[in-house]
Ligand SMILES: [Zn+2]
């Protein structure tokens with residue numbers, strides 16, 4: 001397997017957040033990327049992102065959004081408790097997306113590539129995910145103004 005080079009994007013994420021996150025590759029992973037917290041031999045907690053490079057789209061813009069989404073899960077401390085409701089899960093997904101959308105916007109990645117990737121995915125949050133990207137593209141809203149809880153309640157309750 002050729003070693004995929006995500007270092008440009010990952011270094012941007014490090015410089016933005018000042019958070020070091022360990023990256024692992026797993027070509028058997030069922031998803032493109034997941035976030036978890038591992039322990040080293042001393043029991044120290046290690047925030048980690050596992051990537052399946054075979055599933056990762058070959059497009060830097062989409063890669064930036066996916067990697068930033070995972071970074072967002074760590075940034076918002078989503079990984080610390082896994083026993084959560086479906087509603088809380090969806091809100092966390094959108095929160096990670098909000099982080100990712102702001103990142104790709106601020107670092108001038110192509111949001112249309114990202115939008116077109118997600119429009120072909122049929123997940124329970126695809127509609128809200130696309131709305132966040134649209135709001136960022138329109139630049140009418142920012143991190144503070146998008147109300148995820150309100151957005152979520154409108155769609156799912
Ligand atoms: Zn996620």
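Data table
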{"read-out": "Tail weight of P(r) past 12 Å, computed on alpha-carbon pairs of segment 83-129, percent", "value": "66"}
{"read-out": "Cα convex hull of segment 7-156, projected area averaged across orientations, nm²", "value": "9.4"}
{"read-out": "Taking 26, 113, 83 and counting other C-beta atoms within 10 Å, the order from fewest to most", "value": "83, 26, 113"}
{"read-out": "Helix 7-17 vs. the chain, principal-axis angle (Cα, 0 to 90°, nearest 10)", "value": "70"}
{"read-out": "Simple label model, 7 Å out from Cα along Cβ direction - residue 37 to residue 82, nm", "value": "1.3"}
{"read-out": "Between segment 108-126 and segment 39-99, the alpha-carbon center distance in angstrom", "value": "17"}
{"read-out": "Two-site label geometry, residue 16 and residue 110: point separation in nm, points 7 Å out along Cα→Cβ", "value": "1.9"}
{"read-out": "Mean separation of Cα contacts under 8 Å, 6 or more apart, over the residue count of the chain: relative contact order %", "value": "18"}
{"read-out": "Spin-label pair residue 25/residue 44, simplified geometry with 7 Å Cα→Cβ offset, distance in nm", "value": "2.5"}
{"read-out": "Relative exposure of 129, 80, judged by other C-beta atoms within 10 Å (fewest first)", "value": "80, 129"}
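Here, each number is a calculation from the coordinates, and none is a lab measurement. This is a predicted model, so every value here is computed, not measured. A quick note on method: Cβ atoms are made from the backbone with ideal geometry, for glycine too, and the neighbour counts reach across all protein chains shown.
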